[in-house]
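Written below as structure tokens is the structure these notes are about.
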Amino acid sequence: MWIIKQRKIFYIISSILVGLSLITIATTGIKFGIDFTGGSLVEVAFLEDRPTNQDIVSLVSGLEFMEGASVRESGDISMVIRSKEITNLQKDELIQTLEGSYTIEEERFSTIGPSLGAELKTKSIMAVLLALFLIVLFIAFAFRHVSKPVSSGKYGMITVVAFLHDLILPLGVFALLGYFFGIEVDSLFVTALLVILGYSINDTIVVFDRIRENLLPLNDETKKKRFEEVVGKSIEETYARSINTSLTTLLALTALYLFGGATTQTFALALIVGVIAGTYSSIFLASALLVTVKKRQDKKGM
Amino acid sequence: MKKRLFALFIFLLFILGGWFLVQTENEDKTVQYRPFKYGLDLQGGVHLGYKADVSALAEEDINGAMTSLKETIERRVNLFGVSEPLVQTETSLGASEESKHRLIVELPGVTDLNEAIEGIGATPVLEFKLLDRDVQTTFFEKYGELEEGVELSEEEVLEFSDNLYRTTGLTGALLDRALVQFLPPNNQPAISLRFNGEGKDLFKEITENNTGEILAIFLDGALLTQPVIQQAITNGEAQITGQFSVEEAQTLVRDLNFGALPVPIELIETQVVGPTLGKEIIEKGVFALLIGLAGICIFLIIWYRAWGVIATIALSIYVLIMLLLFKFLPVTITASGIAGLILSLGMAVDANILIFERVKEELAGGANPRNAVIAGTDRAWSSIRDGNISSLISAVILFYFSGASLVKGFALVFALGVLVSMFTAIVVTKTLALGVVPEKKNLLFGMGFKK
């Protein structure tokens, strides 16, 4: 199977992508939304022509509490103004200022205290780690009968590697998007990461499951000798399904991204990146890693 | 033949379900009116998040205090006249010990944040007030003993309510603790009160001067109970007896203790959503759902031909079951919930695809279509099960970690989606396939493109 034979190429592609993502994250950082940092968000709809971001920035810059505020377009007619935490009275003042120049309708006002934001960060990290831990445990359990030639715990470890790959790529993409377009990471983004976790592992499991099935009738000696071949055959038998499932999921996500409205647009985008990364890693990375792990074992003389 | 009838039966159920779904949205039809429940982000309203300071409370009292707080705030919220307000307490995972207790208030349809914050107001107070017999007598003279169900107009109530009870200066701050007791001979529950130093003196004075009178207890302006002062009490230890059930006694004690040590609340999160934003999100969400569904179905039919048609029906049944569950569980629909439903469409097909790919292998191996369906479903099961368990793990963790209703709505829909999609793939797809497959292979029931 060419994927197994050429696995080094895929390792290199993945390493480059992951490396680039990490560099981007390290240099530009990730732009966190008010869910994480605390602050206020005001969304207004412009019933007549929508002004440019710059118009709004210069208009509200006269207000002291709007210092450091950022403005972004949202949906077809609306704009979102993000700032540090403001009171309800200050928000009313802001609305009055805007009403002085435009015909607007106030659509949304959110304020989140800074402690709540810090808490969400902790929570998100805890949630991702816990999900990861439980899923590895589950995989080690589900594949407990295939301890030869590679132990079930290693199947679990490899899914973690695949997942880290699928997690770092969307983070990198969002670091870039944040830098260029001011797109922020919010609690829905974390949700997307957890969905990607489930999805990526689901994909990997289908391939592993096939390996498990194909190994079952073989005796221990044959398993060792023909492991590479079995893995290759299993990928061959499952990649049509992996790609088809990804395609249908991507169809649904693209519909959500294009037509689903502003609230869930970044969520859809994060998922699109994650699903592509997840499909790639389950076909080209996870099973190939199994072969690499097995070769290492052989060298050590196990 | 049996298989065909069963497939037909499923198909008819599907039609009936669709009809039911539409009818329950309609207020004046024969079927019970049961509209979808929309979250605050879709119908507009105010969301307020408070931090409850329980630092002064003993660990075992926290739950009771939070329940009393919730009920008190509920009473205040009900004054808004909002339909279906939500008041709930939450323990936030991942927060520090002193800030993890939360009170969430959601008022659909309210858009004036100031009014909402003021209406919910500050910390509730427990008060002991004496019933004024004179006012009561005038009241009865004027209106007689009120029969049950007779209600007075607002002015009539106001005329008396201000004067009916006299303030005594005795408040929750002077109450040390309340406990449930069981009195012999037949373990009748009663409530014992212990006042603190200052409270003891004031209570003594009140009971000495007003023996035989009624000393009513109010929490946040609402009457809790009206015990009669039987005798002067000098040691600050009183007992309220009466025909309480154990449950009533416990509720009363909980409220009294809450009044003795009220929980201060601090606003840490607010959100106001205007009424127009939600409508737009729903319209766009439904449109995206339909486009997504259509796209997937077209893909499936091109790739899997007749099998694709079966998958299309199965997927439509999946959406229908989800919508019926939204309605009858009920699930509060939010923007993220709609996103979850759309996402789950793609994933729901996964089980179908797994089965079809297996069926394809069986067909290639020379099995007849009927046996291919049976063996294919069987052999796909372990992948479907294991893959979905990992998705379920994610969903459950999301649900428990998310304080934000935005994420919770998604997690619930996602988890439901995983479960329902397993059902539709294994039961619906298999049944429909068995109902229509021919004995011999033909072009329609072939699959995909030849290599």
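Could you work out the longest stretch of chain A that avoids the GluC sites (Glu not before Pro) located in DSSP loops with at most 11 other Cβ atoms within 10 Å?
A:68-302
Using the alpha-carbon atoms, what tilt in degrees (0 to 90, nearest 10) does helix B:62-78 show relative to the longest principal axis of chain B?
Here the helix axis deviates by roughly 90 degrees.
Indicate the gyration tensor shape class of the protein assembly as shown (rounded, prolate or oblate), computed on the Cα atoms with a ≥ b ≥ c the square roots of the eigenvalues: a/c under 1.5 is rounded; otherwise a/b larger than b/c is prolate and the rest oblate.
Values: a/c = 2.06, a/b = 1.86, b/c = 1.10.
Judged from the Cα gyration tensor, the protein assembly as shown comes out prolate (a/c at least 1.5, a/b above b/c).
Mind listing which trypsin sites (Lys or Arg not before Pro) in region B:14-120 are in a DSSP loop and have 12 or fewer other Cβ atoms within 10 Å?
When the trypsin sites (Lys or Arg not before Pro) of region B:14-120 are filtered for loop state and at most 12 Cβ neighbours within 10 Å, B:LYS29 remain.
Which percent, to the nearest 5, of DSSP beta bridges fully inside the protein assembly as shown are antiparallel? Walk me through the intermediate numbers first.
Working: 70 of 73 bridges.
Restricted to the protein assembly as shown, the bridges split so that about 95 percent are antiparallel.
Based on other C-beta atoms within 10 Å, arrange B:LEU16, B:LEU256 from fewest to most.
So the residues, fewest neighbours to most, are B:LEU16, B:LEU256.
Please identify the helices of chain A, taking whole runs of DSSP H, that span at least 24 Å along their own axis as judged from the Cα atoms and have a mean Kyte-Doolittle score of -0.5 or higher. Present the calculation step by step, with values, prior to reporting the outcome.
Numbers: long enough: A:7-28 (31 Å, 1.48); A:114-142 (42 Å, 1.80); A:152-181 (43 Å, 1.44); A:187-215 (42 Å, 1.03); A:227-259 (46 Å, 0.50).
Helices passing the filter in chain A: A:7-28, A:114-142, A:152-181, A:187-215, A:227-259.
Mind checking region A:1-74 for trypsin sites (Lys or Arg not before Pro) that DSSP puts in a loop (not H, G, I, E or B) and that have at most 13 other Cβ atoms within 10 Å?
Listed in order of number, the matching sites amount to none.
Any idea how far apart A:ILE13 and A:PHE141 come out in nm if each label point goes 7 Å out from Cα toward Cβ?
In this crude label model, A:ILE13 to A:PHE141 measures out at 3.5 nm.
Could you grab the relative contact order for region B:173-331? Cα pairs under 8 Å, six or more apart, rounded to a whole percent. Provide the component values of the computation, followed by the final result.
Values: 163 pairs, mean separation 30.4, N = 159.
After rounding, I find 19 percent.
For the residues B:SER391, B:SER245, what sequence is obtained by ranking on other C-beta atoms within 10 Å, fewest first?
Numbers: B:SER391 26, B:SER245 9.
Least to most surrounded, the residues fall as B:SER245, B:SER391.
Cα-based count: Lys pairs in region B:265-413 below 24 Å, eight or more positions apart or different chains?
The result is 5.
Determine which lysines satisfy two conditions relative to B:LYS2: a Cα distance under 17 Å, and not lying fewer than 8 residues away in the same chain.
Cα-Cα hits under 17 Å: B:LYS430.
If we count every other residue with Cβ under 15 angstrom of A:ILE30's Cβ, Lys/Arg +1 and Asp/Glu -1, where does the sum land?
That sum, taken over residues with Cβ under 15 Å, equals -1.
Under 8 Å for C-alpha pairs, at least 6 residues apart: give me the relative contact order for region B:274-436, rounded to a whole percent.
Reported relative contact order: 30 percent.
Just to be sure I follow the definition: excluding the sites themselves, where is the longest run in chain B that has none of the GluC sites (Glu not before Pro) in a DSSP loop with at most 15 other Cβ atoms within 10 Å? If you can, show how the numbers build up before the last one.
Working: sites that count: B:GLU25, B:GLU27, B:GLU145, B:GLU147, B:GLU148, B:GLU151, B:GLU439.
The longest such stretch corresponds to B:152-438.
Between rounded, prolate and oblate, where does region A:129-278 land on the alpha carbon gyration tensor, with a ≥ b ≥ c its root eigenvalues, rounded for a/c under 1.5, else prolate if a/b exceeds b/c?
Since a/c reaches 1.5 and a/b is larger than b/c, the shape of region A:129-278 is classed as prolate.
Taking loop as defined by DSSP and a crowding limit of 13 other beta carbons within 10 Å, which chymotrypsin sites (Phe, Trp or Tyr not before Pro) in region B:11-70 fit?
Loop-located and lightly packed - B:TYR33.
For A:LYS224, list the lysines whose Cα falls under 16 Å from its own Cα; do not include residues on the same chain fewer than 8 positions away.
Hits, sequence-local ones excluded: A:LYS148, A:LYS154, A:LYS233, A:LYS294, A:LYS295, A:LYS299, A:LYS300.
I need the shape label for chain B. Rule: rounded when a/c is under 1.5, else prolate if a/b > b/c, else oblate, with a, b, c from the alpha carbon gyration tensor.
prolate
From the helices alone, meaning DSSP H stretches of at least four residues, give me the mean residue ellipticity at 222 nm for chain A, per-run term -39500 (n - 2.57), in deg cm²/dmol to the nearest 500.
Dividing the helical sum by the residues of chain A leaves -23500 deg cm²/dmol.
Compute the relative contact order of chain B as a whole-number percentage, counting only Cα pairs closer than 8 Å that sit 6 or more residues apart in sequence.
In percent, rounded to a whole number, it is 20.
In whole Å, what is the distance between the alpha-carbon centres of region B:341-410 and region B:237-253?
55
FYI, it's all coordinate maths here, none of it is from the lab. A quick note: this is a predicted structure, and the numbers were derived from the prediction, not measured. Cβ atoms come from the backbone with ideal geometry, glycine included; neighbour counts cover every protein chain shown.
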